[in-house]
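Heads up, the thing below is written out as structure tokens.
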Amino acid sequence: MNRRLFWKIFLPFWMAQAVLLGALYLRLHYRISSEHPWWIQPERREMPVLANLAAQTYEQQGPAALGALLNHLSLPHRSQFWLVDAGGRDLSGRDLPPRVLSDAAIAEQREGLHHSYEANVLAASATTARGQYTLIAELVPPPLSERIPGDIIWTLKLGTIFSAVVCLLIAHYLTKPIERLRNATRQLARGNLDIVVGANLGRRRDEIADLMRDFDTMAAALRKQIKSERSLLSGVSHELRSPIARIRLALTLAREADAAERREMLDRIEQDAIQLDSMLEQILTVSRLESGQFKPEFEKFVLNDLVNEVVRDAQFEAAARQVTITCQSAVEGIAVMADMRLLRSAIENVVRNAIFYSGEGGKVEVVITGTENRRGATVIVRDNGPGVPPDKMQLIFEPFYRVDDSRGSRTGGMGLGLAIANNAVIQQGGMILAQNVQPHGLEIQLMIPTIPHPPEPGTSYGPRVMESAGAGKA
């Protein structure tokens, strides 16, 4: 597998460690090869004694014996000795490079040692009755491996290996989750929406862990979105089937009917067409709200006036079903900044839903209250219907969901009203709360902020469900 990021992390880390160890190596080289290198200290201590010995040998035995002594002291490729008089003339008959002679003059002024990168020159003087002599020694530095103690060499080697292991672990630690994220992305692209990458992170708390958790959040949002779209598609196909079938049947009968019956069939086709138009409008509304395509147009208005208007319009429908509907305001003149058309749709759908479920002779109560901090208002819609089973409470806000499927044939509803209301309130920055009431019935609270704060794009909010001891709805 091509692990480019792994090598991009591993190699720079390891090279940085290698450069650091190399700098330490060079520093040791400099210190060991500095003014007082340890490896020439034995020769340096012996130089005064050797200078006296060389001077005595020259005076007593002559230049040949001096040359033999100096040859005995010298080591091949390591050291070389000369004895010069006060005038700087070599007394052993050996070639004395001018550089060595000048370095020796400097060494005599620096405690007998002059250091250079080519060699180290030692100089020691000896004075006899016949004159003054200077013994000069040129010491060539040995290989670096001989000048650095063995424990330091092993430290450098082990440090290099240790740094390689540490860099390997760091690179693996950083790139392994990214590799998992990459594989998960590919699986997600293939349609595997159940993929999870942040399950085995443990206590890891860094940017990569946050990225993986965000990926899981994104995958969950995609699952929910696709599930919603599939549910929407399934609901649309199911809901459209009945009116389309009725239209086709009416057309077939109209072809064979007389003028009076044909007029009746056309009236039915018109009603079904109106129902289809209303149905498609609601479906489009839900789709726009859930996808975030709907952009609220905020304006300031009095919430009490809007709710009273909705209740007045609902009076006709409630009267037809013999349902009593009342409206009370605990606080008057509540001003809100919201999208009036969207908020009206939310309240209207909740009120109509309450009328549908209250049944003949039922009662619907609408109450308007303000919050304690005056930063919001609550519209409470309460009916005395059968209520909703606790395990189904969250589902009533899903598109096309109906607690009782027979309701669709009785009322013409599609299960979109509460879904529209929920999404409409969320777009205002509000929230919907649902709970059963005693002895039976359902209460829905629409909490609306006076100052709108729409949700961030991609943020998922849902209705809240409160526990209640109310009876379930069959």
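Can you tell me which of ALA189, ALA199 is among the hydrophobic types (A, V, I, L, M, F, W, C), closer than 21 Å to GLN225 by Cβ and surrounded by fewer than 12 Cβ atoms within 10 Å (Cβ to Cβ)?
ALA189
Residues of segment 296-327 being among the charged types (D, E, K, R) and under 29 Å from ILE451 (Cβ atoms), which ones?
Those that are among the charged types (D, E, K, R) and under 29 Å from ILE451 (Cβ atoms): GLU297, GLU299, LYS300, ASP305, GLU309, ARG312, ASP313.
Within segment 171-186, can you find the residues that are open to solvent by 60 Å² or more (accessible area, probe 1.4 Å), hydroxyl-bearing (Ser, Thr, Tyr) and touching a residue at least 12 places away in the same chain (Cβ under 8 Å)?
THR185
List the residue pairs whose Cβ atoms are under 9 Å apart, where the first residue sits in segment 310-325 and is assigned to a helix (DSSP H, G or I), the second is loosely packed, with under 14 Cβ neighbours inside 10 Å, and the two are 6 or more positions apart or on different chains.
VAL311/THR326
Could you list, in sequence order, all residues of segment 85-109 that are surrounded by 11 or more Cβ atoms within 10 Å (Cβ to Cβ) and outside any loop (DSSP other than H, G, I, E, B)?
ASP85, ASP90, ARG99, VAL100, LEU101, SER102, ASP103, ALA104, ALA105, ILE106, ALA107, GLU108
Could you grab me the full set of residues in segment 373-398 that are part of a loop (DSSP other than H, G, I, E, B) and hydrophobic (A, V, I, L, M, F, W, C)?
The answer is VAL388, MET393.
Could you tell me whether any residue of segment 345-360 is of a type in the set (D, E, K, R), out of contact with any helix residue (DSSP H, G or I) (no Cβ under 7 Å at 6 or more places or on another chain), on the phi < 0 side of the Ramachandran plot and in contact (Cβ under 8 Å) with a residue 24 or more places away in the chain?
yes
State yes or no: is ILE448 farther than 30 Å from LEU276 by Cα, at pLDDT 80 or above, out of contact with any His (no Cβ under 6 Å at 6 or more places or on another chain) and part of a strand (DSSP E or B)?
In short, yes.
From TRP14, TRP39, TRP7, grab the single residue that is open to solvent by less than 70 Å² (accessible area, probe 1.4 Å), of a type in the set (Phe, Trp, Tyr) and either at pLDDT 75 or above or not in a loop (DSSP other than H, G, I, E, B) (or both).
Checking each option against the conditions leaves just TRP39.
Restricting attention to segment 328-359, and to residues there that are in a loop (DSSP other than H, G, I, E, B) and open to solvent by less than 40 Å² (accessible area, probe 1.4 Å), which single residue is modelled with the lowest pLDDT?
Here the residue is GLY359.
When segment 202-220 is examined, which residues are found to be open to solvent by less than 90 Å² (accessible area, probe 1.4 Å), within 14 Å of TYR173 (Cβ to Cβ) and either modelled with pLDDT of 85 or more or within 11 Å of the chain's Cα centre (by Cα) (or both)?
Matches in segment 202-220: ASP206, ILE208, ALA209, MET212.
All but one of (1) assigned to a helix (DSSP H, G or I); (2) at pLDDT 75 or above; (3) under 30 Å from GLY415 (Cβ atoms) hold for ALA260; state the number of the condition that does not hold.
The one condition ALA260 does not meet is (3).
Which ones in segment 191-217 are free of Cβ contacts under 8 Å to residues at least 24 places away in the same chain and either assigned to a helix (DSSP H, G or I) or within 30 Å of TYR401 (Cα to Cα) (or both)?
GLY191, ASN192, VAL196, GLU207, ASP210, ARG213, ASP214, ASP216, THR217
The values are calculated or read from the model by the stated rules, or taken from the named source; none is laboratory data. Since we're looking at a predicted model, the values are computed, not measured. Neighbour counts run over all protein chains shown; Cβ positions are idealised from the backbone, glycine included. With ligands, DNA and RNA removed, areas are computed over all heavy atoms of the protein, side chains included. Shrake-Rupley method; radii C 1.70, N 1.55, O 1.52, S 1.80 Å.
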